[in-house]
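Right, I'll just put the structure down here and ask away after.
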Amino acid sequence: MKYIFIVQGEGRGHLTQCMALEEILRKNGHEVVEVLVGKSKSRQLPAFFTRTIKAPVQRFESPNFLPTASNKRNNILRSVGYNLLKVPTYLKSMRFIKDRIRETGAEVVINFYELLTGLTYALYRIKVPQICIGHQYLFLHKNFHLPEIRRAEIQLLNFFSQLTCLGASQKLALSFKAMEDDKAHHIRIVPPLLRKEVFSIQATAGNYIHGYMVNAGFAENVMEWHRRHPETELHFFWDRKGETTVRKIDQTLSFHPLDDKAFLKQMSGCKAYASTAGFESVCEAMYLGKPILMVPAHIEQDCNAQDAARNGAGIVSGDFNLDRLLAFAEAYKPNPVFRTWVNSAPYVILHALEPEPDQITYLAGQIGMAGNC
């Protein structure tokens, strides 16, 4: 079958999920005819994505969150106001999406949580089936326990998620563990989509802390801790526009631009991992058996962090308090059931995308029962 991918370009998670799914589909005789990626002034498309993806890539203007003045947590109200001013631009992007679906001859649209895809389906009544993939759809599941914080922001997040999947035939909810599908809401539970390099890398226990921050303002927080603990080696990756080379602060602190190979290399050899709680990198750390400190940058990551903590991944903090991470690392034990669940992803997800997905229900149920033992 011919697939077209439409991807939210914010952060790295949706991009690496896109890379992983393209690999699965191509290995099984399907074709990804094109990848459309949302763009904004505050983000740049990482080189690792353009270097790895096989299908032609096109960009379009898309809504995005704006960080606060300190460039740490995202500012919801400011983001809404900014994006409302750009409605004419986004209408043009929606026409572009409609035209690319038609002109590529795609038989299925895979939407990686891009808002304008759902709105395009609502506006133009496109007949090509749309399947949505993302961890965020798990928050809509009837049995998912949302955190008891900022309820208004969570409701806004779930409303946003519902807009992204307007017109979708089903929603594939990436989850840390197997759960029963929510058939009433067309939500199917599937394992995380990790890129192939994660499965081939050998994890070792080094003496440094590895990290990733989606908003560069957290760098001040990291540097403050580093001044108190200069003896601890730190390697942090950030999504800072214009940064293309490693910024070495001193002998034990370095900030790295996003690079898939360098990121995984540092992940595989670290003692512990500190992150702004993006779903994808948390899953990579869990798979490689690394204890995690999660510092959410927005409400979606608050949900990610609490879900990951419930599944034994690590601890949640309001800042990069690496003392807490090092203390947690002393008693941390990896979850072997998580690795089994992740390893089933190619089979489970491929069957969910193909015309007769019901045959996979038994397998997912068996994995779920194993996870509850």
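Quick note: the coordinates plus some simple rules give every number you see, no bench work behind them. All values derive from a computational prediction rather than experimental measurement. No Cβ is skipped: glycine too gets one built from the backbone with ideal geometry, and neighbour counts run over all protein chains shown.
Can you give me the angle between helix 260-269 and the longest principal axis of the chain, using Cα atoms only, in degrees from 0 to 90, rounded to the nearest 10?
Between the helix axis and the principal axis of the chain, the angle is about 50 degrees.
Okay, moving on. Taking a spot 7 Å from the Cα of Arg151 along the direction of its beta carbon, which residues of the stretch 288-330 have an amide N less than 20 Å from it?
Hits in the stretch 288-330 for Arg151 at 20 Å: 299-304, 306-307.
Quick one: which of 119-125, 326-332 comes out on top by average Cβ neighbours within 10 Å, and what's the full order, highest first?
Sorting 119-125, 326-332 by mean packing, highest first, produces 119-125, 326-332.
Follow-up. Rank by packing, highest mean first: peptides 264-273, 160-169, with packing defined as the count of other Cβ atoms within 10 Å averaged across residues.
So the peptides 264-273, 160-169, ranked by packing, come out 264-273, 160-169.
Give me the three principal axis extents of the chain from the C-alpha atoms, as integers in angstrom, largest value leading.
59, 50, 40
Here is a further query. How would you classify the stretch 197-334 from its alpha-carbon gyration tensor, with a ≥ b ≥ c the square roots of the eigenvalues: rounded for a/c under 1.5, else prolate if a/b is greater than b/c, otherwise oblate?
Rounded, because the longest to shortest axis ratio a/c is under 1.5.
Could I ask something else about it? Could you list Ser344, Ser62 so that the one with the fewest beta carbons within 10 Å of its beta carbon is first and the one with the most is last?
Starting with the residue having the fewest Cβ neighbours, the order is Ser344, Ser62.
Treating cross-link reach as a plain straight distance, find the lysines whose alpha-carbon is under 16 Å from the alpha-carbon of Lys86, omitting any fewer than eight places away in the same chain.
Lys39, Lys41
Gain in length, His185 to Glu354, computed as 0.36 nm per residue apart minus the alpha-carbon separation, to one decimal in nm?
58.9 nm
Gaussian network model of the chain, Cα springs within a sub-10 Å range: biggest mean-square fluctuation belongs to which of Arg240, Arg150, Arg324?
Arg150
Find out how many positive minus negative residues lie around Arg227, taking Lys and Arg as positive, Asp and Glu as negative, among other residues whose Cβ is under 13 Å from that of Arg227.
Local net charge: -3.
Given Cβ point charges of +1 (Lys, Arg) and -1 (Asp, Glu) and nothing else, what value in debye, to the nearest 20, does the dipole of the chain about its Cα centre take?
Here the chain has a charge dipole of around 720 debye.
Say the cut-off is 31 Å between C-alpha atoms; which of Lys54/Lys241; Lys54/Lys271; Lys98/Lys183 go over it?
Lys54/Lys271
Against the longest alpha carbon principal axis of the chain, how many degrees, from 0 to 90 and to the nearest 10, is the axis of helix 361-371 turned?
The angle comes out near 20 degrees.
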